[in-house]
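What follows is calculated from the coordinates using simple rules that are stated; it is not laboratory data. In this text the structure is predicted, and so the values were computed from the model without any measurement.
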Amino acid sequence: MKTRTFIAIVSLGALSVGQSWAAQTVKMQVDGLVCAFCGSAIEKKLRSNAATDDVLVSLEHKIVALSLKDGQDLADELLRKQITDAGYLVKSIERVPDTLDSLRAGLKAR
């Protein structure tokens, strides 16, 4: 009985670890984005991170989002510093379960 309980607990732990990586998208509200050059500069900076898979910049909605490679993460402080150092103001940072494709679709629908 103890063995079954141990296996169940280990299995649940493995599930929760897997779920912690489910939010592979970081979505940020950024002020100061006014032109395509702004978007390109931020995109280039974020793509320089080894953990970055893809980047989305919406000037209209003032959203910058990036998807992370499997098993990778970037600290909020690093992302905030990179964007702030480029001259923009980060209003919020959140981890979301959405993919960049679903974020793009949602922004187009607005």
- Pop out the ³J(HN,Hα) list for the stretch 49-56 in order, Karplus 6.51 cos²θ - 1.76 cosθ + 1.60 with θ = phi - 60°, rounded to Hz; leave Gly and Pro as x. 6, 4, 7, 6, 9, 8, 10, 10
- Task: Normalise the Cα radius of gyration of the stretch 46-89 by 2.2 N^0.38 Å (N = residues in it) and let me know the number.
- Result: 1.15
- Query: So what are the ³J(HN,Hα) numbers for the stretch 31-37, from phi and the Karplus equation (6.51, -1.76, 1.60; θ = phi - 60°), rounded to whole Hz, Gly and Pro as x?
  - Reply: 9, x, 7, 10, 8, 4, 4
- Karplus-derived 3J(HN,Hα), 6.51/-1.76/1.60, for each residue of the stretch 93-110, Hz, glycine and proline x: 9, 9, 8, 10, x, 6, 8, 5, 4, 5, 5, 4, 4, x, 5, 5, 6, 6
- Message: Using a Cα-Cα cut-off of under 28 Å, which lysines could be cross-linked to residue 45, ignoring same-chain neighbours fewer than 8 residues away?
- Response: 27, 62, 69, 81, 91, 108
